Every structure is written in C-alpha cells, then in structure tokens.
Amino acid sequence: MPADVRPADVRPVDARPAEIRTLETPPGDALFQMMLRVGDDHLVMGHRISEWCGHAPMLEEDLALPNIALDLIGQARGLLTYAGELEDKGRSEDDLAYFRTDRQYRNCLLVERPNGDFGQTMLKTLYFSAFMEPWWRAACASPDETLAGIAGKAVKEAAYHVRHSAEWVIRLGDGTEESASRMAAAVAALHGYTPELFEVDDVVASLVARGVVPDPEALRADWQRTIDGVFAEALLEVPHVPYPRTGGRQGMHGEELGHMLAQMQALPRQMPGQAW
C-alpha cells in the first residue's frame, strides 16, 4: 500500500450487480441520506472553490471561480433544505451545514481535498462536474418533483463548470513544461478519489430501483468519455487506480475536512441563532 494512503481511505469495490444487493434502508430514510450526500458534496466543493476568491492567478478567474462556488452552494442549499424536510426533525439547511461534525458529513473524499495549485483545482472541478452534469440531466426525469426541480437549474450550471474546467485542463496540460508537469502531478494526486463517485450501496440501490435517482454506473460511460476527450487534448494519461480512496459516504474523512469545517462553522457556532 502506498505510504500516503490511510487504511480508512481504501475500500474494496463491491462488484455485485445493484439488483442483487440487499436493500435494508427504508425508502424515506434513503432519500434523506441521498440528499445529504449530494448536498454535502456541493457544499464542500463550493467552499473549497470559494477559497480562491482574491487568490486566483488572473482577474477573470477571480470572478469566474466565486461564481462557480455560488452555483455549487446554491445547489447545496436546495438539497440540504430538502433533506431537512425529509428528516422532519426541524433541522434547516443552516443546521445541517453548520452544526454537524466532520464524521457526520457524507461527502465524497474528492471534494474535500485541499485546493493545491490552480491546475489541481481545475482538474478536481472537471472530475466532479463531469459526473454531476449527466447525474443532474438524468435527475430531471425523477418522479420526485423537488429533486427534478433542483436538477432543472443545476444541470445548466454543471454544463458550464465542465466547459470552464476542461478548457483550463487542456490549456495547462498542453502548455509549458512546468504547467504540463503540474497537471500530471494533479492527475496522480486526484484520480484515485474518482471511483467513489460511482459507488453503489443500499441507499443508492434502493433509490435507483425506484427510479428516483440515476444509477451511478450508468453514468460512467459519459464521465469517461468526457475525461478521455479532455485528457487527449491535454496530453495527459488516464492512470490505473489499484487502490480507490473511499469512505466519505460513511463519514470517514481526512483531517483536511475537519480544518475546513472549523473555519466554515466558526461564526454560527460562536453566535448560534443569530441572523443578519
């Protein structure tokens, strides 16, 4: 096992077909858990990208990155608000965002990775948005009207995120010797986190069986087609991943998420119940 891989990050991939996996999660609880997962993905990813505000390498990106962050946080608001309604325990989007610990967050590990350099952030954005764009597109047809409504707006935003990040990955990968080297390093650092996007457990399988959310495995071809196309133009190689980094859906996160939440949650925890 590589020295930088923590045991908690490595999980065997369940190769059983979705139709023969046990469905032990009650349907109502499954949708709550799913909205929490997708909401956490977008909240954490949005916060990470917002950290570039005032630090981007050029003025245009100092405007573009905060706008992408606002898109993601807006999607997170809709998802977490809906999660609170499904839970029916009186928790609002703010309660779910600011008053859970890192072990209670259910985001995938990819989105919580530190920004690194600009190339790493663009690659992480590409990996995530290339998965979410077809996910949102399929979710537009969900029988759940609330989810379909969120998806109708989010799919347009995700398409822009794919386009914007892909342009930068190509520009940097097929750029100078240094930019190409940095992009190759970004691929090596982040690609191992992408298999978690396609994991199917009882929560996902129960909702897929009812047609409420897309089957992640059915989205793999779209995602791979996008990544392969961008990497071909960027002169990057898609690496083999022998040890996928997973565990985020079970609340098993790296210390980086704890540091991020400590900053993000500081004001609401110091002044609970306050409003602007």
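The values are calculated or read from the model by the stated rules, or taken from the named source; none is laboratory data. As the structure is a computational prediction, the values presented were derived from the model and not from experiment. A quick note on method: Cβ atoms are made from the backbone with ideal geometry, for glycine too, and the neighbour counts reach across all protein chains shown. Please note that ligands, DNA and RNA were not included when accessible areas were found on the heavy atoms of the full protein model with its side chains. Shrake-Rupley method; radii C 1.70, N 1.55, O 1.52, S 1.80 Å.
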Residue check, Pro268 part of a helix (DSSP H, G or I), modelled with pLDDT under 95, touching a helix residue (DSSP H, G or I) at 6+ places or on another chain (Cβ under 8 Å) and more than 23 Å from Trp136 (Cα to Cα):
yes
Failed condition for Glu61, given (1) open to solvent by 50 Å² or more (accessible area, probe 1.4 Å); (2) in contact (Cβ under 8 Å) with a residue 12 or more places away in the chain:
(1)
Positions within region 34-68 being more than 14 Å from Thr121 (Cβ to Cβ) and within 15 Å of the chain's Cα centre (by Cα), in sequence order:
Met34, Met35, Leu36, Arg37, Val38, Gly39, Asp40, Asp41, His42, Leu43
Out of everything in region 160-187 that is farther than 23 Å from Arg113 by Cβ and without any contact (Cβ under 8 Å) to a residue 60 or more places away in the chain, what residue ends up being surrounded by the fewest Cβ atoms within 10 Å (Cβ to Cβ)?
Glu177
Cβ pairs under 7 Å, 6+ apart, first in region 90-101 and open to solvent by less than 70 Å² (accessible area, probe 1.4 Å), second among the charged types (D, E, K, R) and not in a loop (DSSP other than H, G, I, E, B):
Glu93/Arg77; Tyr98/Arg269
Over region 239-276, the set of residues open to solvent by 60 Å² or more (accessible area, probe 1.4 Å) and farther than 24 Å from Glu51 by Cβ is His240, Pro242, Tyr243, Gln250, Pro272, Gly273, Ala275
Given the conditions (1) at pLDDT 95 or above; (2) touching an Asp or Glu at 6+ places or on another chain (Cβ under 9 Å), and given that Tyr243 satisfies all but one, which numbered condition is not satisfied?
(1)
Based on what the data block shows, is Asn107 touching a residue at least 24 places away in the same chain (Cβ under 8 Å), farther than 22 Å from Leu207 by Cβ, open to solvent by less than 50 Å² (accessible area, probe 1.4 Å) and assigned to a loop (DSSP other than H, G, I, E, B)?
no
Can we say Pro195 is closer than 28 Å to Trp52 by Cβ, of a type outside the set (Asp, Glu) and in contact with a Ser or Thr (Cβ under 8 Å, 6 or more places away or on another chain)?
yes
Filtered residues of region 110-132 (kept if open to solvent by 40 Å² or more (accessible area, probe 1.4 Å) and in a helix (DSSP H, G or I))
Gln120
Inside region 188-214, can you point out the residues that are outside any helix (DSSP H, G or I) and open to solvent by 50 Å² or more (accessible area, probe 1.4 Å)?
Glu199, Arg210
